[in-house]
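The structure appears below as structure tokens.
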Ligand code: BGC
């Protein structure tokens with residue numbers, strides 16, 4: 001097997017790890033160490049010696065935990081998955097893993113040792129005001145079976161023993177402390193927890209993996225003799241280091257995403273997440289360490305050494321549930337290429353078991369809106385099918401009886417409602433993840449099962465939406481947690497205080513989503529052959545559309561808030577009435593010209609802005625917006641040195657000062673959702689709605705000369721698609737490779753003329769020109 005084949009094998013395994021078809025039924029019991037020190041404190045292990053009489057056939061370990069586990073056989077780590085068993089709504093299901101451990105065993109005596117950490121299960125979650133520990137339970141525990149050819153060799157029971165680990169503090173937000181002087185001695189028994197083994201399901205996705213390490217690009221000392229390292233990339237993961245020194249000396253590692261003005265190591269934006277490591281040496285030779293039960297979001301590390309010790313090696317280890325990149329985009333504008341790379345990094349760092357908002361501060365939660373706006377881009381850049389499906393199962397579990405979908409999932413506030421006021425569920429744009437994410441999974445992977453699985457939850461969500469204000473127009477209340485509250489177009493920029501720019505009101509944003517979700521669910525019902533539902537939703541969507549037009553359009557065709565988000569949605573989702581189309585286009589154009597070509601959209605408006613402009617053939621404006629380097633704009637952050645996507649357009653001010661550290665993240669993928677437009681509109685390749693999963697590939701490139709030349713690739717389920725265009729004196733050469741067993745459909749564009757296909761002149765019919773699998777060269781001219 002060459003290294004490419006090896007990579008493929010890993011991929012396939014990741015894919016196969018995914019659907020919940022074959023279950024293993026555990027015979028073991030969930031055991032908890034009696035020496036457990038409770039959340040945040042010293043971690044424990046459980047251990048058992050056992051005798052193996054033959055190794056004639058493969059031996060398998062099935063394992064899971066309440067909390068996080070790491071398993072060792074004869075002191076060697078089992079597998080390379082991190083943060084196992086993963087994160088789900090633990091009261092719904094808990095993943096288990098399965099490993100072939102034959103190579104770690106020997107005939108005769110063997111030892112299995114399972115380390116346990118708090119993880120998401122009982123470690124602290126949420127920011128200070130709503131902080132919760134022991135969310136899903138007070139007790140950590142391990143469950144395991146070892147089998148050989150279907151015979152049970154060993155299982156967790158009350159004959160196991162326990163002890164304390166050298167890990168003296170641990171938590172997802174906390175970081176980890178490790179005292180290497182502590183010996184792992186068996187000091188306690190275990191007790192059997194009351195646990196329902198039926199909660200255990202095969203891990204629905206591939207494990208979290210380490211990516212290739214990154215090494216310091218720069219290193220310097222501050223005036224307090226601390227050493228600072230810049231790894232050149234903001235990501236999620238941890239530091240691995242080697243150290244030599246005296247017993248009792250210690251190494252403290254703090255993390256930061258950014259340097260503030262004057263190179264100040266600034267991690268105020270972590271808020272109450274401690275996110276540091278303290279390692280105490282045992283003093284025997286060279287010692288190596290990386291944490292087991294935590295991760296940090298960072299680019300910089302600050303190392304303080306107390307006592308006699310010296311670091312001999314340091315590296316940053318990024319981690320992710322989606323280690324493999326499945327798409328790339330490059331063009332003649334370097335800053336855009338960096339933007340795409342930044343999006344890949346933000347996806348990696350936030351696709352760790354759950355699609356999170358950010359990987360660094362005291363949050364790291366599966367915010368449903370962020371995942372919703374990013375889902376399409378996520379599927380272009382990585383194989384996100386099973387990752388997002390797993391998330392949707394949590395979303396469904398968290399759905400309230402009244403149909404409201406939670407603000408984030410797995411939802412700590414459903415399990416512990418007392419930590420917040422009101423019910424943190426029901427925001428439009430966020431809850432619409434239940435209709436829009438399955439739709440993207442269907443388009444990208446032709447996965448109909450996800451539609452079947454989610455349809456009941458979609459219908460409950462639609463009823464909830466209708467019921468918020470008892471009708472089509474949703475009027476959200478302003479308080480978080482209130483019934484029908486909406487985040488609207490979260491973080492929509494308003495410009496400077498003297499002349500704020502128009503922004504969409506929550507009612508308009510909510511009603512738009514009411515329409516979009518109803519319309520999409522109608523299409524889904526049609527695909528699934530649910531004719532009655534389809535008909536009802538068709539009628540309901542029309543009622544919402546009419547009400548929307550009546551409520552938000554003036555007689556001259558101006559939309560109520562006249563902002564970029566409203567316009568982009570209205571055009572993209574056909575909410576502009578025919579009689580107003582012409583005027584409306586002018587208003588939209590003006591809404592962009594009036595801002596001097598800077599972005600006026602927040603979380604929900606951003607992914608739709610450029611697709612709407614290119615749909616209307618306003619290519620000049622789209623080109624200006626994507627290339628704009630002022631704040632707010634995608635390339636502003638790139639110019640400021642961003643290596644991942646920022647939460648706020650203005651997260652670092654032009655003078656280098658950090659904006660609002662109390663809510664700021666430098667690794668939030670939402671605004672990276674613009675990448676879907678780079679693939680679908682600029683490179684011109686998109687999944688078709690009628691033959692999804694790229695069985696048919698829609699081809700419709702938009703030529704923005706300033707981006708010349710453009711190339712893109714994507715590994716779709718049938719193989720790799722590549723597209724490339726280049727413009728020379730008005731003549732465009734577009735080369736395309738379409739994988740086997742698919743066809744392309746090249747759509748006509750009235751802005752272009754004189755098409756040829758592989759040297760032959762062609763006329764493109766309105767429903768497109770069919771391209772069989774293989775290589776194609778298409779040429780055309782831009783209209784003068
Ligand atoms: C998160 C978001 C999220 C938002 C909801 C924030 O604290 O970081 O990304 O969508 O709250 O408004």
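The values are calculated or read from the model by the stated rules, or taken from the named source; none is laboratory data. Here the structure is a predicted model, which is why all the values come from computation and not from measurement. So basically every Cβ, Gly included, is an ideal-geometry build from the backbone, and we count neighbours across all protein chains shown.
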### the stretch 133-185 - residue that is buried (at least 18 other Cβ atoms within 10 Å of the Cβ) and touching a helix residue (DSSP H, G or I) at 6+ places or on another chain (Cβ under 7 Å) and, of those, nearest to residue 289 (Cα to Cα)
172
### Task
Could you list, in sequence order, all residues of the stretch 354-382 that are more than 16 Å from the ligand (Cβ to nearest atom) and surrounded by 24 or more Cβ atoms within 10 Å (Cβ to Cβ)?
376, 379, 380, 381
### Summary
Scanning the stretch 588-601 for residues that are touching a helix residue (DSSP H, G or I) at 6+ places or on another chain (Cβ under 7 Å) and crowded, with 20+ Cβ neighbours inside 10 Å, the one nearest to residue 437 (Cα to Cα) turns out to be 601
### Query
How many residues, within the stretch 698-738, are surrounded by fewer than 19 Cβ atoms within 10 Å (Cβ to Cβ), assigned to a strand (DSSP E or B) and without any contact (Cβ under 8 Å) to a residue 60 or more places away in the chain?
10
### Message
Just to be sure I understand, how many residues within the stretch 320-336 are buried (at least 23 other Cβ atoms within 10 Å of the Cβ) and either part of a strand (DSSP E or B) or touching a strand residue (DSSP E or B) at 6+ places or on another chain (Cβ under 6 Å) (or both)?
### Response
5
### Residues located in the stretch 522-537, provided they are buried (at least 16 other Cβ atoms within 10 Å of the Cβ), in contact with a helix residue (DSSP H, G or I) (Cβ under 6 Å, 6 or more places away or on another chain) and over 11 Å from residue 458 (Cβ atoms)
534
### Query
Since residue 764 meets every condition but one in (1) surrounded by fewer than 19 Cβ atoms within 10 Å (Cβ to Cβ); (2) without any contact (Cβ under 8 Å) to a residue 40 or more places away in the chain; (3) within 26 Å of the chain's Cα centre (by Cα), which condition does it not meet?
(3)
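Would you check which residues across the stretch 284-301 are touching a residue at least 60 places away in the same chain (Cβ under 8 Å) and either assigned to a strand (DSSP E or B) or surrounded by fewer than 18 Cβ atoms within 10 Å (Cβ to Cβ) (or both) and list them? Give the steps one after another, and end with the answer.
Initial filter on the stretch 284-301 (touching a residue at least 60 places away in the same chain (Cβ under 8 Å)): 287, 289, 291-301.
Passing the criteria: 287, 289, 296, 297, 298, 299, 300, 301.
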### Task
Please work out if residue 644 is within 16 Å of the ligand (Cβ to nearest atom), at pLDDT 95 or above and crowded, with 16+ Cβ neighbours inside 10 Å.
yes
### Message
Could you check the stretch 657-678 and list, in sequence order, the residues that are more than 16 Å from the ligand (Cβ to nearest atom) and either part of a loop (DSSP other than H, G, I, E, B) or touching a strand residue (DSSP E or B) at 6+ places or on another chain (Cβ under 6 Å) (or both)?
### Response
657, 658, 678
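Would you mind stating whether residue 415 is within 16 Å of the ligand (Cβ to nearest atom), out of contact with any strand residue (DSSP E or B) (no Cβ under 7 Å at 6 or more places or on another chain) and over 30 Å from residue 218 (Cα atoms)?
Taking the combined requirement at face value, the residue does not satisfy it.
Report the residue count in the stretch 432-453 for those that are touching a helix residue (DSSP H, G or I) at 6+ places or on another chain (Cβ under 6 Å) and not in a helix (DSSP H, G or I). Quick ask: steps written out before the conclusion?
Residues of the stretch 432-453 that are touching a helix residue (DSSP H, G or I) at 6+ places or on another chain (Cβ under 6 Å), as a first pass: 432-442, 444-445, 447, 450-451.
Remaining after also requiring not in a helix (DSSP H, G or I): 432, 447.
Residues that pass the stated criteria total 2.
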### Query
Among the candidates 113, 129, 109, which residue alone is at pLDDT below 95 and either under 18 Å from residue 200 (Cβ atoms) or not in a loop (DSSP other than H, G, I, E, B) (or both)?
129
### Task
Within the stretch 457-501, track down each residue that is without any contact (Cβ under 8 Å) to a residue 12 or more places away in the chain and within 27 Å of residue 539 (Cβ to Cβ).
470
### Message
Can you say whether residue 484 is within 26 Å of residue 456 (Cβ to Cβ), within 16 Å of the ligand (Cβ to nearest atom) and buried (at least 17 other Cβ atoms within 10 Å of the Cβ), as far as the supplied structure shows?
### Response
yes
### Task
Give 432, 489 a once-over and let me know the one that is crowded, with 20+ Cβ neighbours inside 10 Å, within 13 Å of the ligand (Cβ to nearest atom) and within 16 Å of residue 522 (Cα to Cα).
432
